[in-house]
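Engineer: Pasting a structure below so you can have a look.
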Amino acid sequence: MQVIHQFDTVIVGSGGAGLYAALEASQKSRTAVLSKLHPVRSHTGAAQGGISAALGNVEEDKAEWHAFDTVKGGDYLVDQQAAQTLAEEAIQAVYDLENRGLPFNRTKDGRIDQRRFGGHTRNFGEGPVHRACYAADRTGHMILQTLYQQCIKNKVSFFDEYQVLDVILEDNTCKGVVVVELATGELHIFAAKAVLFATGGFGRMFKITSNAYANTGDGPAVCARRGIPLEDMEFYQFHPTGIMGLGILISEAVRGEGGILRNRKGERFMERYSPKLLDLAPRDIVARSIQTEIRAGMGIRGDSKIDDYVHLDATHLGKETLKKKLPDITDFCKTYLGIDPADAPIPVLPTAHYAMGGIPTDMHGRVLKDADNTIVSGLYAAGECACVSVHGANRLGTNSLLDLVVFGRRAGQHIAEYIKSAKAAVVDDSAANDAREWISRITDGAAGPHGGHISEEMQTTMMEKVGIYRNAQQMQAAVDEIQALRKRYHAVRVQDTSKSFNTDLLEVIELGNLLDLSLVTAAAALQRQESRGAHSREDFTERDDEKWLRHSLAYLEGDTVRLDYKPVDTSIWEPKPRIY
Ligand SMILES: Cc1cc2nc3c(=O)[nH]c(=O)nc-3n(C[C@H](O)[C@H](O)[C@H](O)COP(=O)(O)OP(=O)(O)OC[C@H]3O[C@@H](n4cnc5c(N)ncnc54)[C@H](O)[C@@H]3O)c2cc1C
């Protein structure tokens with residue numbers, strides 16, 4: 001017998017997207033937020049650099065320029081009305097955060113200060129513009145704290161350390177979710193009129209990543225197993241500057257403040273790849289440029305190996321600026337590298353960072369289940385796990401935090417209206433059967449392979465074969481290897497069968513989610529025969545708008561992936577070659 005809870009609205013995830021949606025939904029509905037972590041430990045809290053909005057506080061700026069940069073940065077795979085909404089609503093969204101108490105850095109005359117970030121330009125590409133609003137290098141942390149305290153004030157019911165395992169869908173309507181309570185190991189059912197997934201990213205499918213351990217793509221995987229397609233999964237962003245060997249992020253804010261990438265000869269090599277924007281070109285371009293330098297023997301060691309590295313030089317910024325604007329980054333360098341960035345350049349390499357793809361939604365966060373944009377009643381998604389799509393083939397820095405607040409809020413507002421006329425969900429015990437069987441199998445006491453080895457192999461395969469540069473042979477090998485790992489996964493057993501905080505069990509469940517998403521990512525990437533944004537193929541080096549200016553929809557069907565496609569909204573700007 002399960003505990004069955006009844007709410008109007010259930011939000012899964014308490015990062016920026018989940019909390020903003022909860023804030024809105026809770027004004028008109030009984031709202032629960034479920035999170036496998038304590039809310040303020042969500043990955044949003046790790047976001048450093050900033051949140052973009054064309055406030056024009058430091059120099060002239062316009063929402064239209066912001067929307068255009070977003071579309072061009074995404075290599076024209078962005079839905080353009082959505083990008084326009086993102087840029088226009090950004091301005092009010094940032095002021096709302098300020099009014100709710102977010103301590104932004106200030107200009108001398110007391111306005112919100114702004115810094116430069118990759119791909120954000122003035123007047124349709126003339127040069128970098130100051131558009132990122134920031135609170136030192138702790139912007140995400142401040143957003144999370146601000147939203148969490150507002151939710152507490154609004155009496156949102158929080159269920160911390162509750163991990164969602166399944167979603168209940170009947171007759172194209174969402175009825176709730178199935179959840180395990182970590183402290184007791186008990187299964188719970190949360191019945192709801194509306195469910196919103198805001199479970200964040202899945203960088204943990206790669207060996208070197210900036211993402212937290214919890215970023216295992218639970219939301220998209222749960223939805224995919226229940227027949228919801230995943231959109232544009234072949235587009236995964238590698239951030240150019242992770243700490244060499246560890247992947248811990250060195251924010252683009254370092255380059256925004258004037259940091260320079262250099263090769264072994266000390267050359268500012270971005271001059272050759274992006275003469276106009278230099279080190280502030282979009283991330284896909286900078287990450288490829290680093291890789292190209294290393295392959296040409298221009299990495300610091302000069303041995304052309306993939307783990308060679310380049311330098312991010314911030315020594316000329318001076319101790320004062322580093323202390324005031326990049327204090328956490330300075331600390332990271334001291335802790336993990338034993339260097340002070342004021343004295344020595346930072347050894348960096350690209351690190352797996354951000355999922356452009358995810359659960360397909362419309363601009364109200366409603367989940368779409370096919371190429372005809374059929375809505376699943378009562379099911380919503382927002383934040384990194386969703387695909388609106390405002391990031392297309394490559395996201396611009398600072399546009400994710402913005403995506404969370406703009407579309408988290410829109411989804412919350414829509415839910416508040418939707419639940420007024422929706423019927424209360426009726427759910428019985430049997431809804432938890434599949435989740436119960438899954439757990440029983442993993443803990444049945446039989447001997448089986450260790451999940452840890454499978455996880456390592458998956459991460460290496462994805463890093464080496466579905467990374468920055470890709471080709472058919474390697475991606476096919478990746479699909480085969482992930483399918484073999486999925487077979488081995490079915491035999492995995494945990495030896496710890498205790499109920500309370502059984503982290504072994506939870507890790508195995510998360511590994512299952514990552515394997516599902518790895519397969520979808522590799523299969524979607526193999527099918528797309530062009531280079532666009534973060535999807536860069538050695539065997540199809542050009543962008544091919546005629547055949548491939550379309551979103552992919554990947555359906556996970558057992559051990560295979562079926563692909564369908566839908567058009568991109570190009571109603572404002574005609575796709576052009578992307579030159580920076
Ligand atoms: C190091 C780093 C720095 C970044 N810096 C920036 C930046 O400066 N600017 C910018 O725009 N973007 C930045 N990004 C990207 C941005 O921070 C993320 O895309 C964004 O914060 C994701 O927010 P979210 O609300 O979607 O999910 P998250 O903040 O990741 O939260 C996910 C939530 O879902 C919950 N959850 C997950 N699975 C389950 C489950 N099964 N059951 C219950 N709960 C679950 C978790 O507990 C958590 O509360 C950065 C990312 C990283 C990793």
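Engineer: How do the pairs read when you match residues in the stretch 419-446 that are in contact (Cβ under 8 Å) with a residue 12 or more places away in the chain and over 23 Å from residue 380 (Cα atoms) with residues anywhere that are among the aliphatic types (A, V, I, L, M) and open to solvent by 80 Å² or more (accessible area, probe 1.4 Å), using Cβ under 9 Å and keeping only pairs 6 or more apart or on different chains?
Structural biologist: What qualifies is 429/1.
Engineer: Which members of the stretch 525-568 meet the condition of being assigned to a loop (DSSP other than H, G, I, E, B) and either crowded, with 16+ Cβ neighbours inside 10 Å or in contact with a Cys (Cβ under 9 Å, 6 or more places away or on another chain) (or both)? Walk me through it before giving the result.
Structural biologist: As a first pass, look at the stretch 525-568 and keep what is assigned to a loop (DSSP other than H, G, I, E, B): 528-531, 533-534, 538-544, 549, 558-559, 568.
Correct list: 528, 530, 531, 533, 534, 540, 543, 549, 568.
Engineer: Then there is this: Being open to solvent by 10 Å² or more (accessible area, probe 1.4 Å), more than 13 Å from the ligand (Cβ to nearest atom) and either hydroxyl-bearing (Ser, Thr, Tyr) or not in a strand (DSSP E or B) (or both) narrows it down to one residue among 185, 200; which is it?
Structural biologist: When all the criteria are applied, what remains is 185.
Engineer: Something else about it: Restricting the search to the stretch 332-353, which residues are in a helix (DSSP H, G or I), of a type outside the set (A, V, I, L, M) and away from the ligand (no atom under 14 Å from the Cβ)?
Structural biologist: Result: 333, 334, 335.
Engineer: Does residue 85 satisfy the condition of being within 16 Å of the ligand (Cβ to nearest atom), among the β-branched types (Val, Ile, Thr) and within 15 Å of residue 401 (Cα to Cα)?
Structural biologist: Criteria not met by residue 85.
Engineer: Kindly establish whether residue 406 is assigned to a helix (DSSP H, G or I), open to solvent by less than 40 Å² (accessible area, probe 1.4 Å) and either touching a residue at least 60 places away in the same chain (Cβ under 8 Å) or more than 30 Å from residue 562 (Cα to Cα) (or both).
Structural biologist: yes
Engineer: Can you give me the number of residues within the stretch 126-178 that are within 15 Å of the ligand (Cβ to nearest atom), modelled with pLDDT of 95 or more and of a type in the set (Lys, Arg)?
Structural biologist: Final tally of qualifying residues: 1.
To keep it simple, each residue is scored yes or no on (1) closer than 26 Å to residue 239 by Cα; (2) open to solvent by 10 Å² or more (accessible area, probe 1.4 Å); (3) without any contact (Cβ under 8 Å) to a residue 60 or more places away in the chain; (4) among the small types (Gly, Ala, Ser).
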| residue | (1), (2), (3), (4) |
| --- | --- |
| 2 | no, yes, no, no |
| 6 | no, yes, no, no |
| 16 | yes, no, no, yes |
| 27 | no, yes, no, no |
| 44 | yes, yes, no, no |
| 53 | yes, no, no, yes |
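Engineer: In the stretch 113-125, which residues are assigned to a loop (DSSP other than H, G, I, E, B) and touching a residue at least 60 places away in the same chain (Cβ under 8 Å)?
Structural biologist: Selection gives 125 alone.
Engineer: Write out, first by first residue and then by second, each pair whose Cβ atoms fall under 8 Å of each other, whose residues are 6+ apart or on separate chains, and whose first residue, in the stretch 88-112, is farther than 23 Å from residue 363 by Cβ while the second is aromatic (Phe, Trp, Tyr) and open to solvent by 60 Å² or more (accessible area, probe 1.4 Å).
Structural biologist: Short answer, once both residue conditions are applied: none.
Engineer: Does the stretch 51-70 include one or more residues that are closer than 18 Å to residue 199 by Cβ and within 11 Å of the ligand (Cβ to nearest atom)?
Structural biologist: No, the stretch 51-70 has no match at all.
Engineer: Here is a follow-up. Would you mind finding the one in 481, 456, 464 that is at pLDDT 95 or above and crowded, with 18+ Cβ neighbours inside 10 Å? Working first, answer last.
Structural biologist: Numbers: 456 fails: crowded, with 18+ Cβ neighbours inside 10 Å; 464 fails: crowded, with 18+ Cβ neighbours inside 10 Å.
Exactly one of 481, 456, 464 is at pLDDT 95 or above and crowded, with 18+ Cβ neighbours inside 10 Å, namely 481.
Engineer: Of the residues that sit in the stretch 110-125 and are more than 15 Å from the ligand (Cβ to nearest atom) and among the small types (Gly, Ala, Ser), which one is most open to solvent (accessible area, probe 1.4 Å)?
Structural biologist: Once the filter is applied, the top-ranked residue is 110.
Engineer: For the stretch 126-163, how many residues meet the condition of being open to solvent by 30 Å² or more (accessible area, probe 1.4 Å) and in a loop (DSSP other than H, G, I, E, B)?
Structural biologist: 5
Engineer: Additional query: Inspect all residues belonging to the stretch 367-379 and state whether any of them is within 14 Å of the ligand (Cβ to nearest atom) and either without any contact (Cβ under 8 Å) to a residue 40 or more places away in the chain or buried (at least 24 other Cβ atoms within 10 Å of the Cβ) (or both). It would help to see each step written out before you state the result.
Structural biologist: Taking the stretch 367-379 first, the residues within 14 Å of the ligand (Cβ to nearest atom) are none.
No, the conditions are met nowhere in the stretch 367-379.
Engineer: Further question: Just one of 246, 261 is more than 23 Å from residue 559 (Cα to Cα), more than 8 Å from the ligand (Cβ to nearest atom), among the hydrophobic types (A, V, I, L, M, F, W, C) and part of a loop (DSSP other than H, G, I, E, B); which is it? Spell out how you get there, then give the answer.
Structural biologist: On the way: 261 fails: part of a loop (DSSP other than H, G, I, E, B).
None of the other options fit; the residue is 246.
The values are calculated or read from the model by the stated rules, or taken from the named source; none is laboratory data. Just so you know, these numbers come straight off a predicted model, no measurement behind them. Note: ideal-geometry Cβ built from the backbone for every residue, glycine included; neighbour counts use all protein chains shown. Side chains included, ligands, DNA and RNA excluded: accessible areas come from the protein's heavy atoms. Shrake-Rupley method; radii C 1.70, N 1.55, O 1.52, S 1.80 Å.
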